[in-house]
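Colleague: This is the structure I want to talk about, given as C-alpha coordinates.
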Amino acid sequence: SATPATLSAISNGAKNGVLVKGGAAMESLNTMDILYSDKTGTLTFGDFRVLNYEVPEDILNEVVYMEQQSNHPIANAIVAAFENRNFKGIDTSEPVEEIAGQGVRKGAIEIGKPSTFIGYPDKNYYLDKVVEENTTIFVAKSNEIVGYISLSDEIRNEAIEAVAGFQKEGIQVVLLTGDNEMVASKVAKEVKVNDYVANCLPEDKIKHILKSQRNKKVAGMVGDGINDAPALANADIGIAMGSGSSVAIESADVVIVKNDLGKLLYSYHLSKRLNRIIK
Ligand code: ADP
Ligand code: MG
(Lines give C-alpha, C1' and ligand atoms only; values in the text may rest on other atoms or scores of the structure.)
(Ligands and ions follow the chains in the order given, each with its own letter.)
Protein backbone atom coordinates (compact mmCIF):
# COMPACT_ATOMS: atom_id res chain seq x y z
CA SER A 1 0.00 0.00 0.00
CA ALA A 2 1.00 3.61 -0.61
CA THR A 3 3.17 5.50 1.87
CA PRO A 4 1.80 8.69 3.48
CA ALA A 5 4.27 10.67 1.30
CA THR A 6 2.84 9.03 -1.82
CA LEU A 7 -0.74 9.70 -0.77
CA SER A 8 0.14 13.29 -0.09
CA ALA A 9 1.71 13.64 -3.55
CA ILE A 10 -1.45 12.16 -5.12
CA SER A 11 -3.58 14.62 -3.20
CA ASN A 12 -1.31 17.53 -4.19
CA GLY A 13 -1.61 16.43 -7.84
CA ALA A 14 -5.39 16.22 -7.58
CA LYS A 15 -5.56 19.77 -6.19
CA ASN A 16 -3.48 20.87 -9.15
CA GLY A 17 -5.57 19.27 -11.85
CA VAL A 18 -3.99 15.84 -12.29
CA LEU A 19 -5.62 12.60 -11.14
CA VAL A 20 -3.02 9.91 -10.58
CA LYS A 21 -4.69 6.52 -10.17
CA GLY A 22 -2.73 4.89 -7.37
CA GLY A 23 0.63 4.91 -5.62
CA ALA A 24 2.53 2.92 -8.25
CA ALA A 25 1.75 5.46 -10.97
CA MET A 26 2.67 8.36 -8.67
CA GLU A 27 5.97 6.75 -7.73
CA SER A 28 6.93 5.78 -11.29
CA LEU A 29 5.97 8.94 -13.18
CA ASN A 30 9.47 10.35 -12.75
CA THR A 31 11.12 7.28 -14.31
CA MET A 32 9.74 8.19 -17.74
CA ASP A 33 12.42 8.31 -20.49
CA ILE A 34 10.20 9.05 -23.46
CA LEU A 35 6.79 10.66 -23.75
CA TYR A 36 4.73 9.81 -26.82
CA SER A 37 1.97 12.26 -27.63
CA ASP A 38 -1.10 12.19 -29.79
CA LYS A 39 -1.78 15.38 -31.76
CA THR A 40 -5.50 16.09 -32.13
CA GLY A 41 -7.02 17.10 -28.81
CA THR A 42 -3.69 16.65 -27.01
CA LEU A 43 -1.14 19.05 -28.52
CA THR A 44 -3.97 20.87 -30.31
CA PHE A 45 -7.42 21.86 -29.06
CA GLY A 46 -9.15 19.38 -31.34
CA ASP A 47 -11.52 22.22 -32.15
CA PHE A 48 -11.54 22.10 -35.93
CA ARG A 49 -12.97 24.67 -38.34
CA VAL A 50 -13.95 23.80 -41.89
CA LEU A 51 -11.70 25.91 -44.16
CA ASN A 52 -12.93 24.84 -47.59
CA TYR A 53 -14.68 21.94 -49.22
CA GLU A 54 -16.01 20.57 -52.44
CA VAL A 55 -18.69 17.92 -52.03
CA PRO A 56 -21.82 17.41 -54.21
CA GLU A 57 -24.92 18.68 -52.34
CA ASP A 58 -26.73 15.33 -52.06
CA ILE A 59 -23.61 13.61 -50.78
CA LEU A 60 -22.93 16.44 -48.33
CA ASN A 61 -26.26 15.54 -46.71
CA GLU A 62 -25.02 11.97 -46.31
CA VAL A 63 -21.69 13.21 -44.93
CA VAL A 64 -23.37 15.32 -42.24
CA TYR A 65 -25.74 12.47 -41.35
CA MET A 66 -22.82 10.04 -41.04
CA GLU A 67 -20.65 12.42 -39.01
CA GLN A 68 -23.55 12.95 -36.60
CA GLN A 69 -22.97 9.35 -35.52
CA SER A 70 -19.28 9.98 -34.75
CA ASN A 71 -17.70 11.77 -31.78
CA HIS A 72 -14.42 12.52 -33.55
CA PRO A 73 -13.40 16.23 -33.39
CA ILE A 74 -13.47 16.32 -37.20
CA ALA A 75 -17.00 14.94 -37.18
CA ASN A 76 -18.12 17.57 -34.66
CA ALA A 77 -16.66 20.33 -36.86
CA ILE A 78 -18.43 19.07 -39.95
CA VAL A 79 -21.78 18.80 -38.17
CA ALA A 80 -21.33 22.36 -36.84
CA ALA A 81 -20.31 23.79 -40.23
CA PHE A 82 -23.21 22.42 -42.27
CA GLU A 83 -26.42 23.07 -40.36
CA ASN A 84 -30.00 22.35 -41.41
CA ARG A 85 -29.26 19.62 -43.92
CA ASN A 86 -31.99 17.59 -45.56
CA PHE A 87 -31.88 13.92 -44.53
CA LYS A 88 -35.03 12.85 -46.43
CA GLY A 89 -33.28 10.90 -49.18
CA ILE A 90 -31.01 9.05 -46.76
CA ASP A 91 -31.36 5.36 -45.95
CA THR A 92 -31.13 5.59 -42.16
CA SER A 93 -31.59 1.84 -41.73
CA GLU A 94 -28.10 1.35 -43.13
CA PRO A 95 -25.53 1.30 -40.29
CA VAL A 96 -22.76 3.91 -39.99
CA GLU A 97 -19.50 2.19 -39.18
CA GLU A 98 -16.63 4.09 -37.51
CA ILE A 99 -13.11 2.92 -38.25
CA ALA A 100 -10.88 4.28 -35.45
CA GLY A 101 -8.12 6.54 -36.74
CA GLN A 102 -9.44 6.38 -40.30
CA GLY A 103 -13.00 7.59 -40.74
CA VAL A 104 -16.60 6.50 -41.17
CA ARG A 105 -18.41 4.35 -43.71
CA LYS A 106 -22.06 3.77 -44.63
CA GLY A 107 -22.83 1.44 -47.49
CA ALA A 108 -21.05 2.75 -50.59
CA ILE A 109 -20.06 6.03 -48.96
CA GLU A 110 -16.68 6.38 -47.28
CA ILE A 111 -15.30 9.43 -45.45
CA GLY A 112 -11.80 9.56 -44.06
CA LYS A 113 -8.13 10.27 -44.33
CA PRO A 114 -6.71 10.49 -47.85
CA SER A 115 -4.01 7.85 -47.30
CA THR A 116 -6.64 5.15 -46.81
CA PHE A 117 -8.10 5.58 -50.31
CA ILE A 118 -5.51 3.30 -51.86
CA GLY A 119 -5.84 2.74 -55.60
CA TYR A 120 -8.80 5.08 -56.06
CA PRO A 121 -8.49 6.36 -59.67
CA ASP A 122 -9.08 10.07 -59.04
CA LYS A 123 -6.94 10.36 -55.90
CA ASN A 124 -4.13 12.50 -57.35
CA TYR A 125 -6.63 14.91 -58.88
CA TYR A 126 -8.06 15.59 -55.41
CA LEU A 127 -4.66 15.60 -53.68
CA ASP A 128 -3.59 18.40 -56.04
CA LYS A 129 -6.60 20.48 -54.98
CA VAL A 130 -5.95 20.50 -51.26
CA VAL A 131 -3.41 22.47 -49.24
CA GLU A 132 -1.47 19.69 -47.60
CA GLU A 133 -0.75 21.65 -44.44
CA ASN A 134 -4.42 21.34 -43.56
CA THR A 135 -6.11 18.29 -42.15
CA THR A 136 -8.12 16.96 -45.07
CA ILE A 137 -10.65 14.21 -45.46
CA PHE A 138 -11.87 12.65 -48.68
CA VAL A 139 -15.41 11.57 -49.49
CA ALA A 140 -15.90 8.60 -51.80
CA LYS A 141 -18.94 6.89 -53.26
CA SER A 142 -18.74 3.44 -54.87
CA ASN A 143 -14.92 3.50 -54.87
CA GLU A 144 -14.64 6.90 -56.49
CA ILE A 145 -13.54 10.03 -54.69
CA VAL A 146 -16.24 12.67 -55.12
CA GLY A 147 -15.04 15.44 -52.82
CA TYR A 148 -12.93 16.70 -49.94
CA ILE A 149 -13.22 18.81 -46.80
CA SER A 150 -10.20 20.70 -45.37
CA LEU A 151 -10.07 21.75 -41.73
CA SER A 152 -7.76 23.60 -39.37
CA ASP A 153 -7.04 23.18 -35.68
CA GLU A 154 -4.98 25.23 -33.20
CA ILE A 155 -2.00 24.32 -31.06
CA ARG A 156 -2.34 24.60 -27.29
CA ASN A 157 0.24 27.16 -26.12
CA GLU A 158 0.76 25.41 -22.79
CA ALA A 159 1.77 22.27 -24.70
CA ILE A 160 4.77 24.07 -26.21
CA GLU A 161 6.03 25.10 -22.76
CA ALA A 162 5.39 21.69 -21.23
CA VAL A 163 7.27 19.89 -24.00
CA ALA A 164 10.29 22.14 -23.39
CA GLY A 165 10.00 21.38 -19.66
CA PHE A 166 10.06 17.61 -20.22
CA GLN A 167 13.02 17.93 -22.57
CA LYS A 168 14.87 19.91 -19.89
CA GLU A 169 14.39 16.84 -17.67
CA GLY A 170 16.01 14.67 -20.35
CA ILE A 171 12.72 13.21 -21.57
CA GLN A 172 12.27 12.79 -25.32
CA VAL A 173 8.88 13.87 -26.65
CA VAL A 174 7.64 12.16 -29.81
CA LEU A 175 4.44 12.99 -31.71
CA LEU A 176 2.38 10.04 -32.97
CA THR A 177 -0.48 11.15 -35.18
CA GLY A 178 -2.98 9.68 -37.58
CA ASP A 179 -2.89 12.91 -39.57
CA ASN A 180 -0.91 13.46 -42.76
CA GLU A 181 2.83 14.14 -43.12
CA MET A 182 2.55 17.89 -43.78
CA VAL A 183 0.28 18.58 -40.79
CA ALA A 184 2.41 16.34 -38.56
CA SER A 185 5.68 18.07 -39.50
CA LYS A 186 4.16 21.52 -39.10
CA VAL A 187 2.87 20.77 -35.59
CA ALA A 188 6.13 18.98 -34.69
CA LYS A 189 8.10 22.07 -35.65
CA GLU A 190 5.82 24.45 -33.76
CA VAL A 191 5.69 22.40 -30.57
CA LYS A 192 9.40 21.50 -30.95
CA VAL A 193 9.07 17.79 -30.22
CA ASN A 194 12.14 15.57 -30.71
CA ASP A 195 10.54 13.51 -33.45
CA TYR A 196 7.21 12.71 -35.10
CA VAL A 197 5.46 9.91 -36.95
CA ALA A 198 2.58 10.72 -39.34
CA ASN A 199 -0.20 8.46 -40.68
CA CYS A 200 -0.18 6.31 -37.51
CA LEU A 201 -2.95 3.79 -37.09
CA PRO A 202 -3.92 2.88 -33.50
CA GLU A 203 -1.78 -0.30 -33.74
CA ASP A 204 1.21 1.72 -35.01
CA LYS A 205 1.08 3.83 -31.86
CA ILE A 206 1.42 0.62 -29.82
CA LYS A 207 4.35 -0.58 -31.94
CA HIS A 208 6.40 2.52 -31.12
CA ILE A 209 5.72 2.11 -27.42
CA LEU A 210 6.69 -1.59 -27.44
CA LYS A 211 9.88 -0.77 -29.34
CA SER A 212 10.92 1.75 -26.68
CA GLN A 213 10.18 -0.79 -23.97
CA ARG A 214 12.35 -3.40 -25.71
CA ASN A 215 15.12 -0.79 -25.62
CA LYS A 216 14.63 -0.58 -21.83
CA LYS A 217 13.01 2.83 -21.95
CA VAL A 218 10.10 3.75 -19.72
CA ALA A 219 7.47 4.97 -22.15
CA GLY A 220 4.70 7.41 -21.32
CA MET A 221 1.86 8.02 -23.75
CA VAL A 222 -0.55 10.95 -23.64
CA GLY A 223 -3.72 11.00 -25.74
CA ASP A 224 -7.42 11.65 -25.78
CA GLY A 225 -9.13 9.51 -28.39
CA ILE A 226 -10.75 6.09 -28.68
CA ASN A 227 -7.89 5.38 -31.09
CA ASP A 228 -5.33 6.17 -28.36
CA ALA A 229 -6.82 3.84 -25.74
CA PRO A 230 -4.86 0.71 -26.77
CA ALA A 231 -1.59 2.69 -26.72
CA LEU A 232 -2.44 4.19 -23.32
CA ALA A 233 -3.04 0.70 -21.95
CA ASN A 234 0.29 -0.56 -23.32
CA ALA A 235 2.42 2.37 -22.15
CA ASP A 236 4.27 2.16 -18.83
CA ILE A 237 2.43 5.35 -17.93
CA GLY A 238 -0.79 6.06 -19.83
CA ILE A 239 -2.01 9.64 -19.60
CA ALA A 240 -5.41 10.85 -20.81
CA MET A 241 -6.75 14.33 -21.38
CA GLY A 242 -9.76 15.07 -19.17
CA SER A 243 -11.87 16.01 -22.17
CA GLY A 244 -10.92 12.74 -23.84
CA SER A 245 -13.15 9.81 -24.66
CA SER A 246 -14.23 7.72 -21.67
CA VAL A 247 -12.34 4.68 -22.95
CA ALA A 248 -9.11 6.72 -23.07
CA ILE A 249 -9.71 7.92 -19.51
CA GLU A 250 -10.40 4.37 -18.33
CA SER A 251 -7.25 3.05 -20.03
CA ALA A 252 -5.01 5.68 -18.44
CA ASP A 253 -3.01 5.75 -15.18
CA VAL A 254 -3.09 9.54 -15.08
CA VAL A 255 -5.80 12.01 -16.13
CA ILE A 256 -5.08 15.68 -16.86
CA VAL A 257 -8.37 17.21 -15.77
CA LYS A 258 -8.26 20.48 -17.71
CA ASN A 259 -6.14 19.27 -20.62
CA ASP A 260 -3.11 21.36 -19.62
CA LEU A 261 0.09 19.40 -20.29
CA GLY A 262 1.86 21.78 -17.90
CA LYS A 263 -0.03 20.02 -15.08
CA LEU A 264 1.55 16.75 -16.13
CA LEU A 265 4.97 18.36 -15.84
CA TYR A 266 3.96 19.56 -12.37
CA SER A 267 3.06 15.99 -11.39
CA TYR A 268 6.31 14.73 -12.84
CA HIS A 269 8.14 17.07 -10.47
CA LEU A 270 5.95 15.87 -7.58
CA SER A 271 6.96 12.31 -8.42
CA LYS A 272 10.62 13.27 -8.58
CA ARG A 273 10.46 14.94 -5.15
CA LEU A 274 8.51 11.99 -3.75
CA ASN A 275 11.21 9.56 -4.84
CA ARG A 276 13.86 11.61 -3.05
CA ILE A 277 11.77 11.24 0.13
CA ILE A 278 10.88 7.54 -0.04
CA LYS A 279 14.14 6.13 -1.47
P1 ADP B 1 -4.83 11.91 -34.17
O2 ADP B 1 -3.91 10.75 -34.06
O3 ADP B 1 -4.15 13.13 -34.73
O4 ADP B 1 -5.57 12.21 -32.91
P5 ADP B 1 -6.96 10.29 -35.34
O6 ADP B 1 -6.19 9.01 -35.27
O7 ADP B 1 -8.08 10.49 -34.39
O8 ADP B 1 -5.95 11.55 -35.28
O9 ADP B 1 -7.53 10.45 -36.81
C10 ADP B 1 -6.66 10.30 -37.89
C11 ADP B 1 -7.32 10.71 -39.17
O12 ADP B 1 -8.41 9.83 -39.47
C13 ADP B 1 -7.92 12.10 -39.17
O14 ADP B 1 -6.94 13.10 -39.47
C15 ADP B 1 -8.96 11.96 -40.27
O16 ADP B 1 -8.34 12.12 -41.52
C17 ADP B 1 -9.43 10.52 -40.13
N18 ADP B 1 -10.69 10.39 -39.36
C19 ADP B 1 -10.85 9.83 -38.14
N20 ADP B 1 -12.13 9.87 -37.74
C21 ADP B 1 -12.81 10.51 -38.72
C22 ADP B 1 -14.19 10.88 -38.91
N23 ADP B 1 -15.15 10.62 -38.02
N24 ADP B 1 -14.50 11.49 -40.07
C25 ADP B 1 -13.57 11.76 -40.99
N26 ADP B 1 -12.27 11.45 -40.87
C27 ADP B 1 -11.90 10.82 -39.76
MG1 MG C 1 -6.53 12.68 -30.47
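Colleague: Mind telling me which of the residues Asn12, Asn52 ends up being of a type outside the set (Ser, Thr, Tyr), touching a residue at least 24 places away in the same chain (Cβ under 8 Å) and in contact with a helix residue (DSSP H, G or I) (Cβ under 8 Å, 6 or more places away or on another chain)?
Modeller: Just a single option satisfies the conditions, and that option is Asn12.
Colleague: When region 98-146 is examined, which residues are found to be part of a strand (DSSP E or B), out of contact with any strand residue (DSSP E or B) (no Cβ under 6 Å at 6 or more places or on another chain) and within 20 Å of Glu203 (Cβ to Cβ)?
Modeller: Result: Ile99, single match.
Colleague: Oh, and also: Within region 243-279, work out how many residues are out of contact with any Phe, Trp or Tyr (no Cβ under 9 Å at 6 or more places or on another chain) and assigned to a helix (DSSP H, G or I).
Modeller: Residues that pass the stated criteria total 20.
Colleague: Specify the residue that is surrounded by the fewest Cβ atoms within 10 Å (Cβ to Cβ); the eligible residues are those in region 176-235 that are within 15 Å of ligand 2 (Cβ to nearest atom) and assigned to a strand (DSSP E or B).
Modeller: In this case the residue turns out to be Val197.
Colleague: Closer than 25 Å to Ala248 by Cα, within 16 Å of ligand 2 (Cβ to nearest atom) and buried (at least 20 other Cβ atoms within 10 Å of the Cβ), is that true of Ile111?
Modeller: no
Colleague: Considering only region 105-139, state which residues are farther than 26 Å from Ser185 by Cβ and of a type outside the set (D, E, K, R).
Modeller: If the condition is that a residue be farther than 26 Å from Ser185 by Cβ and of a type outside the set (D, E, K, R), then Gly107, Ala108, Ile109, Pro121 are the ones that fit.
Colleague: Quick one: in region 83-104, of everything that is free of Cβ contacts under 8 Å to residues at least 24 places away in the same chain and not aliphatic (A, V, I, L, M), which residue is nearest to ligand 2 (Cβ to nearest atom)?
Modeller: Looking at residues that are free of Cβ contacts under 8 Å to residues at least 24 places away in the same chain and not aliphatic (A, V, I, L, M), I get Glu97.
Colleague: How do the strands (runs of 3 or more DSSP E) wholly within region 1-60 filter down when requiring 1 or more residues that are within 16 Å of ligand 1 (Cβ to nearest atom) and aliphatic (A, V, I, L, M): which remain?
Modeller: So the answer is 34-37, 49-54.
Colleague: Could you pull out the residue among Ala140, Ala159, Ala164, Ala219 that is at pLDDT 95 or above, among the small types (Gly, Ala, Ser), over 26 Å from Val63 (Cβ atoms) and in contact with a Phe, Trp or Tyr (Cβ under 7 Å, 6 or more places away or on another chain)?
Modeller: Ala219
Colleague: Let me ask something else about it. Using the structure shown, decide if Ser115 is modelled with pLDDT under 95, within 20 Å of Gly103 (Cα to Cα) and not assigned by TED's automatic domain parsing to the domain that holds Asp260.
Modeller: yes
Colleague: Among the residues of region 220-234, which ones are over 9 Å from the mean Cα position of the chain (by Cα) and within 12 Å of ligand 1 (Cβ to nearest atom)?
Modeller: Scanning region 220-234 gives Met221, Ala229, Pro230, Ala231.
Colleague: While we're here: Return a yes/no flag: does region 76-97 have any residue that is assigned to a strand (DSSP E or B) and crowded, with 18+ Cβ neighbours inside 10 Å.
Modeller: no
Colleague: State yes or no: is Asn194 within 28 Å of Asn234 (Cα to Cα), at pLDDT below 95 and not assigned by TED's automatic domain parsing to the domain that holds Ala80?
Modeller: It is false that Asn194 is within 28 Å of Asn234 (Cα to Cα), at pLDDT below 95 and not assigned by TED's automatic domain parsing to the domain that holds Ala80.
The values are calculated or read from the model by the stated rules, or taken from the named source; none is laboratory data. Since the model is a prediction, treat every value here as computed from it, not as a measurement. Virtual Cβ from ideal backbone geometry, glycine too; neighbours counted across all protein chains shown.
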